[in-house]
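S.K.: Once you've had a glance at the structure underneath, I'll fire off some questions.
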Amino acid sequence: MNGFVKLTSENYVNIAESKIKELSENMLSTSQIRNLLAMVMEIYNDVVNPTGDEKENTHLSENFIERINYLKLRFWYEAGRDDKVKQFIEKANIIEYIDEVMKENKKSAYILFTKYMEGLVAYRYYSESMGKRK
């Protein structure tokens with residue numbers, strides 16, 4: 001595990017920032033990183049807006065577990081297609097964080113993972129805009 005630190009509500013922003021700084025020389029395109037986030041957000045929207053029996057449950061349902069496993073598979077696929085995506089996923093510890101979500105089996109863990117992914121995207125945009133200003 002490359003610099004893996006467990007995500008918390010106190011550290012996920014700083015971790016995202018440091019990971020993007022590590023990748024600054026070999027960064028994904030804006031569309032590539034947005035595509036990764038879009039896959040995460042599709043599940044997130046259902047986690048935060050549950051229907052039926054899922055409303056009261058704080059744990060991830062079998063449906064969510066299945067979808068998160070598929071998300072992991074999709075990230076591997078994207079990594080296999082493009083070396084920059086592979087480097088991003090490895091450096092940002094995406095697979096390890098997905099595994100942590102699965103291990104904790106809580107909606108709150110997935111929500112935190114989503115915030116981390118949003119942090120990666122946000123700092124990527126910020127660092128890109130700062131580079132254009134120089």
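S.K.: I want to confirm something. Restricting to segment 23-70 and keeping residues that are within 12 Å of Lys107 (Cβ to Cβ) and β-branched (Val, Ile, Thr), which single residue is surrounded by the fewest Cβ atoms within 10 Å (Cβ to Cβ)?
M.R.: This residue is Thr58.
S.K.: Can you say whether Tyr116 is in a helix (DSSP H, G or I), surrounded by fewer than 16 Cβ atoms within 10 Å (Cβ to Cβ) and aromatic (Phe, Trp, Tyr), as far as the supplied structure shows?
M.R.: no
S.K.: Would you be able to tell me the number of residues in segment 81-108 that are under 12 Å from the mean Cα position of the chain (by Cα) and among the acidic types (Asp, Glu)?
M.R.: The number of residues fulfilling the criteria is 4.
S.K.: Looking at segment 16-40 only, could you name the residues that are over 13 Å from Gly119 (Cα atoms) and either of a type outside the set (Asp, Glu) or modelled with pLDDT of 90 or more (or both)?
M.R.: Answer for segment 16-40, where residues must be over 13 Å from Gly119 (Cα atoms) and either of a type outside the set (Asp, Glu) or modelled with pLDDT of 90 or more (or both): Leu23, Ser24, Asn26, Met27, Leu28, Ser29, Thr30, Ser31, Gln32, Asn35, Ala38, Met39.
S.K.: In contact with a helix residue (DSSP H, G or I) (Cβ under 7 Å, 6 or more places away or on another chain) and among the acidic types (Asp, Glu): which single residue out of Glu54, Glu90, Glu78, Glu62 fits that description?
M.R.: Every option except Glu78 fails the conditions.
S.K.: Within segment 94-117, is there a residue that is touching a Leu at 6+ places or on another chain (Cβ under 7 Å) and farther than 21 Å from Glu10 by Cβ?
M.R.: yes
S.K.: Next question. Give the number of residues within segment 8-17 that are without any contact (Cβ under 8 Å) to a residue 12 or more places away in the chain and part of a helix (DSSP H, G or I). Walk me through it before giving the result.
M.R.: Initially, segment 8-17 is screened for residues without any contact (Cβ under 8 Å) to a residue 12 or more places away in the chain, giving 10-11, 14.
Add one more test, that the residue is part of a helix (DSSP H, G or I), and what stays is 14.
Matching residues across segment 8-17 total 1.
S.K.: Also: Here are some residues: Ala92, Ala79. Which one is without any contact (Cβ under 8 Å) to a residue 24 or more places away in the chain and either of a type in the set (Asp, Glu) or touching a Lys or Arg at 6+ places or on another chain (Cβ under 9 Å) (or both)?
M.R.: On inspection, the qualifying residue turns out to be Ala79.
The values are calculated or read from the model by the stated rules, or taken from the named source; none is laboratory data. Computed from a predicted structure; not experimentally measured. FYI the Cβ positions are ideal-geometry reconstructions off the backbone, even for glycines, and counts take in every protein chain you see.
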